[in-house]
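The values are calculated or read from the model by the stated rules, or taken from the named source; none is laboratory data. Treat the numbers as computed from the prediction; the structure is a model and nothing was measured. Please note: Cβ atoms are built from the backbone with ideal geometry, for glycine as well, and neighbour counts cover all protein chains shown.
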Amino acid sequence: MERSFQYPAIMLNQTKVDKPMLMFGAPAADIGFWSGIPQKRRFGNDETIGFQRDESPKRVESLREFFADDENIIQNPLLCASRVLDGQSIRFDADSDNPSSGTVTITAPDVNSMSFQDILARVRTYLESRVPELSGQAPKESLVIALKERARQEGHLGTEEEESPEDLNGHTDAEESGEDSEVEDVTSVLFEESHIADFWEEIAARHEVAKLVSEPIQASSFLGFAREGLVAYILPVVLVDGQHRLRGALAAALVRLQTDEIRAEIEKRLDCGEDAVQLETDLLCRESRRLPVSLLLSAEPAEQVFQFVVVNQKAIPVGRALLGTIVSTTLSNDEMAKVATRLKNAGIRLEESQAITYLARHPDSPFLNRVERGLAGSGAEQDLLQWNVFASLVSIFRYLREGKLFGEKNDYAHVWRTRFLNESPIVADFGNKGCADAFECWSRADGPWREIFIKFFSEVRSFFGETTVPELKNYWGRPRDSNLFNKISLTILSADFFQYLVETKSTLSSANDISTLFSEWLEGVNPEYFSRDWNLGGVKKDSTGIRNQWASLWSQYRKNPEMLPQARSYRIPKVV
């Protein structure tokens, strides 16, 4: 079932570039029907590719109160973009005497009446239209089987004996078909730093399971994915900016429907035989204030993300963690390339975001799911390393700078770069890789630094860390409580390792050298160094005196590891 909406509109071109905009007004209830808000959030452990921040109930309530007063007017338009430009979902018919004015017609599906099977199918098709390489592929068989079992436990499916003998992807022998391994290869090759394939994998797997359910699934969620979160990807219009204004206006209209005057009208019209659902829809539209809309006629996701980032950085800035996550996970590599230069020119640190997100998501990274990313439903924040802290660690290895032991002037990462990088076999072929010099080759987004980073911190976690018991002092998480997993300790270990590389004149032939060098670096060191209770209650770890003390204690101990420093020493600031 579909509904069409028509509004008088004006078409505007700001420049000679073919990016027309439509300016018009529409009731908030209408806008809520045909526009989607693609939020960057998690469904359990599964991440969407949206770019909007999570909705703030406090802001919605504040705007509801504002809109409740008819005297209050907001001039800022809702910024929207077309998800598709097929001439059917969104159509502009110009007046015969003025091509800049006319009527916009928006046709949208009634997502409330759609089954989950249909929603998943449409989202899957949409993702495959953005990345054609995914079309015709099958999701991982292991994921489908796991979701099938979950669906059985939740009552969506019966016993295996009651189901079709064919496997979930339509094959009688998935292993012989080889499709599972082919999909894994496609996604790993195409999406090293872009994550549309990850989202597609979760959608496609749930779609395969949903197709086994005989009855239409009308629930608000299915296997951890919420209906409301998915329909944003199948509505004709994307709400780029203004979700709180829209929600606030809708909330004000709903309150208006509860007044004695409107309730009396509803009872009277119901007594006359009007349909209850249609009546509520009509009244909500009537009582909703009309909001100004600026609709960009561009279906390119890259343009939508660009508009969102620029608008929010110029107004109420998005948190650095969420901004970095949005920029680096919402677009495919090809889509990213279209706006990379414009994002950089707008002051968005694109490469930093990509690097951090890669290391926070890669299954081989010891920081997998251990870095703050600003996502709704991302779990206990106390377990996560702050985005800016992680960025500083990445910078030491990638750009070979700020590898300093607190309280010292020598930047050992920079010294290693200056003295030994040009001699390193790991970047000897920089010319063949299209790089101007060794450092450019080293510091590329996929340069050798990245594997070195993963290898080094994997060794750190394995040697010093605890990964299962959060209460222990060497836990690999909970930066506020852990002696190991925090800005100070991880920076000290990084800087001291580069000092060791300088002292031993190590040039690094490959990332495989790290294990040997790590063992030599920590020869005689007690793995329990970070395990003891340092009694840090009331101590500010990031104060200058404490940082200097920790660096000094570690450096002295590592060079002569006969006896661990006294635990109380970590509370005493070092006076320089």
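Some notes on this structure:
- The test for being in the same structural domain as I396 (by TED's automatic domain parsing), in contact (Cβ under 8 Å) with a residue 40 or more places away in the chain and within 29 Å of the chain's Cα centre (by Cα) does not hold for F497.
- Candidate set from the stretch 514-524 (those that are outside any loop (DSSP other than H, G, I, E, B) and aliphatic (A, V, I, L, M)); member that is farthest from F397 (Cα to Cα): L517
- The listed residue being part of a loop (DSSP other than H, G, I, E, B) and either of a type in the set (D, E, K, R) or surrounded by fewer than 17 Cβ atoms within 10 Å (Cβ to Cβ) (or both), out of P479, P527, P565: P527
- In the stretch 383-424, the residue that is nearest to K455 (Cα to Cα) out of those that are at pLDDT below 95 and among the β-branched types (V, I, T) is V394.
- Conditions (1) outside any helix (DSSP H, G or I); (2) at pLDDT 90 or above; number of the one not met by L250: (1)
- Residues of the stretch 416-441 that turn out to be among the basic types (K, R) and either part of a helix (DSSP H, G or I) or in contact with a strand residue (DSSP E or B) (Cβ under 8 Å, 6 or more places away or on another chain) (or both), as a count: 2
- Selection count, the stretch 253-273, where residues are in a helix (DSSP H, G or I), over 30 Å from L296 (Cβ atoms) and touching a residue at least 12 places away in the same chain (Cβ under 8 Å): 5
- Cross-chain or 6+ apart pairs with Cβ under 7 Å, the stretch 274-300 first and in contact (Cβ under 8 Å) with a residue 40 or more places away in the chain and closer than 15 Å to P27 by Cα, then surrounded by fewer than 19 Cβ atoms within 10 Å (Cβ to Cβ) and of a type in the set (G, A, S): R290/G25; L291/G25; P292/G25; V293/G25
- Criterion violated by L168 - all others in (1) surrounded by 13 or more Cβ atoms within 10 Å (Cβ to Cβ); (2) at pLDDT below 50; (3) of a type in the set (A, V, I, L, M, F, W, C); (4) part of a helix (DSSP H, G or I) satisfied: (4)
- Any hit, the stretch 108-117, residues being in contact with a Ser or Thr (Cβ under 9 Å, 6 or more places away or on another chain), among the hydroxyl-bearing types (S, T, Y) and modelled with pLDDT under 90: no
- Of all residues assigned to the stretch 447-468, none qualifies as being of a type in the set (K, R), in a loop (DSSP other than H, G, I, E, B) and either out of contact with any Lys or Arg (no Cβ under 6 Å at 6 or more places or on another chain) or modelled with pLDDT of 95 or more (or both).
- Cross-chain or 6+ apart pairs with Cβ under 8 Å, the stretch 133-159 first and more than 23 Å from P216 (Cα to Cα), then at pLDDT 90 or above and surrounded by fewer than 19 Cβ atoms within 10 Å (Cβ to Cβ): none
- Qualifying residues in the stretch 197-230 (those that are among the charged types (D, E, K, R) and surrounded by 21 or more Cβ atoms within 10 Å (Cβ to Cβ)) - the one modelled with the highest pLDDT: E208
- Single residue of S489, S506 found to be under 23 Å from F367 (Cα atoms) and among the small types (G, A, S): S489
- The stretch 412-446, residues that are surrounded by fewer than 20 Cβ atoms within 10 Å (Cβ to Cβ) and under 30 Å from G545 (Cα atoms): H414, V415, T418
- Which numbered condition S462 fails, given (1) more than 26 Å from the chain's Cα centre (by Cα); (2) surrounded by 19 or more Cβ atoms within 10 Å (Cβ to Cβ): (2)
- When E471 is tested against (1) touching a residue at least 12 places away in the same chain (Cβ under 8 Å); (2) part of a loop (DSSP other than H, G, I, E, B), just one condition goes unmet, and that condition is (1).
- Test for V371: is it modelled with pLDDT of 55 or more and under 24 Å from H244 (Cβ atoms): no
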